[in-house]
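Worksheet: one structure, shown below.
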Amino acid sequence: MEPPRNGVKAMDVYYNPVRAIWGPGSFAKLEEVLESLSSKRIALFCGSRSFKESGCEEKLLPLISRYKIVRFDRIPSHPDISDVLEIHRQAKNYRFDTFIAIGGGSVLDMAKAIKAASSLDLNSEEDLRKIIGTSDFQPGHEAIVAIPTTSGSGSELTKWATVWDKDNQKKYSIDHPALYPDFALVDPSLTYSLTLRTSVTSGLDALCHAVEAYWAKESNECSRAFSLTGASRILVGLEQLFHQELKEEARNNLSLGSLNAGYAFSHTRTTACHAMAYPLTLRYGIEHGIAVTMTLASILLYNLPYLNDQKALFAALKIDSPNDLQERVNSICSRAGIKTKLRDYGVNKEELAAIAAECFTKGRMDNNPYLLTVEEVNHILHHIY
């Protein structure tokens, strides 16, 4: 192999097998996709209220009326191990060949979690915990068609599913190459009815995916290109949200930006921002997109010496310093009525040291180029208090 030139590896490997179709109206490709998969018995994963209120129900049901469908719509935000086990028990005897998951990240993750468990004999939550954190299991053979209705989670492009364990105050990932969706239909028109707050919080999550993927240890030239494109489009879309005449254009930009961010972090995974966000969501219910963004500028400051190309990242973010990024994010949140300080969410200052100790999620914190200490994490938490 040739030696690296100008800091670029001689060979950068990038892989993502998901067949993604993006654009307003791409939802209508569902019939064609199901025919290509030879689908017969379909499980439909969706939100109980959002599926109808977003207009997705009216659009989707005519496309799948000739199939045998079983609907699973009791999927909460941040699904718990108990939720996964309950749906697994309901679904295991149907012998589905296709899962359609239409909704936000929680819905998409649930479909992947059920595929992971579908060939397993799970009788308890402890049985499910045993497969978490290992790839030493064989998921089912169901095809997954992921149809996101928010622009943030990126779950339509990844091989893992987030599952929460509220009893033990932990967040887990079920991770296996077989959990990549077969198809992703990314139709921004499905996000046009989202509230401003949901559009902003999901967009902030996608922004963190893009930026964290840029500096993650496993980043390469290909993934960083996705990161820069994603971050730039997401910020444009977030600013456009506050102009009524740009409502649809804003959500188109957020959708395409989120797709690029998804391609980036599906290769690299996330880093310190996500690791620090998990206990904030578990302990205090802080929305994920808000929790991850709270620390973004602080982590950027620590990671500056490790950036592959600081000028390129700053140009994509339209900033001159980490402080500029903090001000830009705070401005977006303020206009959307979103608080950005821990004290606004009932966090007590005396609890920050305990929170800091819980921030070292394996595979996330150690994926950060600069290895933060507990003391430094505690300092960041005080800074955003």
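Where a number appears in this text, it was derived from the coordinates with a stated rule and is not lab data. Just so it is clear, the structure is predicted and the values come from calculations on it, not from any experiment. Please note: Cβ atoms are built from the backbone with ideal geometry, for glycine as well, and neighbour counts cover all protein chains shown.
Which three numbers, in whole Å and largest first, are the semi-axes of the equivalent ellipsoid of the stretch 252-353 derived from its Cα gyration tensor as √(5λ)?
Its equivalent ellipsoid spans semi-axes of 24, 16, 16 Å.
How big is the convex hull of the Cα atoms of the stretch 19-189, per residue, in Å³?
On the way: hull volume 17.2 nm³, N = 171.
Looking at the stretch 19-189, the number lands at 100 Å³ per residue.
Amide H neighbours of Asp80 under 5 Å, at least 5 residues apart or on other chains, H built in the peptide plane: list them.
Under 5 Å from the amide H of Asp80: Trp164.
Taking only the alpha carbons of the stretch 101-218, what extent do you get along each of the three principal axes, in Å, biggest first?
41, 30, 29
Determine the sum of side-chain charges near Thr150: Lys and Arg each +1, Asp and Glu each -1, restricted to other residues whose C-beta is under 15 angstrom from that of Thr150. Show your work: numbers first, answer last.
On the way: positive: Arg49, Arg197, Arg251; negative: Glu53, Asp109, Glu156, Asp187, Asp205, Glu287.
The answer is -3.
Considering only DSSP beta bridges with both partners in the chain, what is the antiparallel share in %, to the nearest 5?
So the antiparallel bridges amount to about 25 percent of the total.
For the stretch 1-152, what relative contact order do you get, as a whole percent, if you take Cα pairs closer than 8 Å and at least 6 residues apart?
Over the stretch 1-152, the number comes to 25 percent.
Under 5 Å between amide H atoms, partner at least 5 residues away or on a different chain: which partners does Ile75 have, H built in plane at 1.01 Å?
The answer is Ser48.
To the nearest 0.05, how large is the calculated FRET efficiency for Asn93 and Ser321 if R₀ is 56 Å and r is the Cβ-Cβ distance?
It comes to 0.45.
Mean residue ellipticity at 222 nm from the helices of the chain, using -39,500 (n - 2.57) per DSSP H segment of n ≥ 4 over the full residue count, to the nearest 500 deg cm²/dmol? Each step should come with its number before you reach the end.
Working: 16 runs with 175 residues, N = 385.
So the calculated ellipticity at 222 nm is -13500 deg cm²/dmol.
About the Cα centre of the stretch 201-338, how large is the charge dipole given +1 on each Lys and Arg Cβ and -1 on each Asp and Glu Cβ? Please answer in debye to the nearest 20. Don't skip to the end; give the middle numbers.
Values: 11 positive and 13 negative charges, 38 e Å.
I would put it at about 180 debye.
State the antiparallel share, in %, of DSSP beta bridges confined to the stretch 19-189, rounding to the nearest 5.
Taking every DSSP beta bridge within the stretch 19-189, about 20 percent pair in antiparallel fashion.
Which of the listed residues, Asn93, Ser118, Val186, is farthest toward the dipole's positive end in the stretch 19-189, when Lys, Arg count +1 and Asp, Glu count -1 at the beta-carbon?
Asn93
Counting pairs of alpha carbon atoms under 8 Å apart in space and at least six apart in sequence, what relative contact order in percent does the stretch 194-383 give?
Normalised by residue count, the contact order of the stretch 194-383 is 27 percent.
What percent antiparallel are the DSSP beta bridges of the stretch 127-279, to the nearest 5?
Working: 6 of 8 bridges.
Given both bridge residues lie in the stretch 127-279, the antiparallel proportion sits at roughly 75 percent.
How high is the relative contact order of the chain, given as a whole-number percent (alpha carbon pairs under 8 Å, six or more residues apart)? Numbers along the way, then the final one.
Details: 716 pairs, mean separation 59.1, N = 385.
Reported as a whole number, the value is 15 percent.
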